[in-house]
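The block underneath contains the structure these notes are about, expressed in structure tokens.
What follows draws every value from the coordinates through simple rules; no lab data is involved. On a predicted model such as this, the values are computed, not experimentally measured, just so you know. Glycine gets a Cβ as well: all are built from the backbone with ideal geometry, and neighbour counts include every protein chain shown.
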Amino acid sequence: MNEDVVTLAAGAEELGVLVGAVGAAGFFGLMIVIVWQVAATWRDRMPAAREGQYKELATRYARLLEDTVELQRRTVEEQRQTLDELTRSRLAVGSMEKMMREIE
């Protein structure tokens with residue numbers, strides 16, 4: 001009878017070790033899944049943050065492009081005005097030269 005009790009105790013001890021091993025494996029499995037999901041969530045948020053930065057950069061680029069186009073338009077207009085003034089000055093100098101030649 002003592003042998004049966006010892007065998008049952010040994011069987012219960014082995015069962016406790018098995019339950020502990022399965023419980024530890026389950027716990028570590030759960031921890032791996034949690035870490036995996038946190039990493040996946042973090043990876044998914046990174047492109048979303050970059051998307052916002054890209055949109056901001058595109059907006060600034062569009063604004064800069066508009067400013068550059070406006071500046072170029074003004075520069076062309078100023079060049080036309082300068083050319084018109086230069087042409088009028090040449091005509092005026094030419095007519096002054098003609099009058100001076102006539103006076104001489």
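Computed values, structure above
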read-out	value
Estimated D of the chain in µm² per second, where Rh is the Kirkwood radius over Cα pairs and Stokes-Einstein applies at 10 °C, 1.306 mPa s	68
0 to 90° range, to nearest 10: angle between helix 2-103 axis and the chain longest Cα axis	0
Farthest toward positive dipole pole in the chain [+1 Lys/Arg, -1 Asp/Glu at C-beta], among Thr87, Ala21, Ile34	Thr87
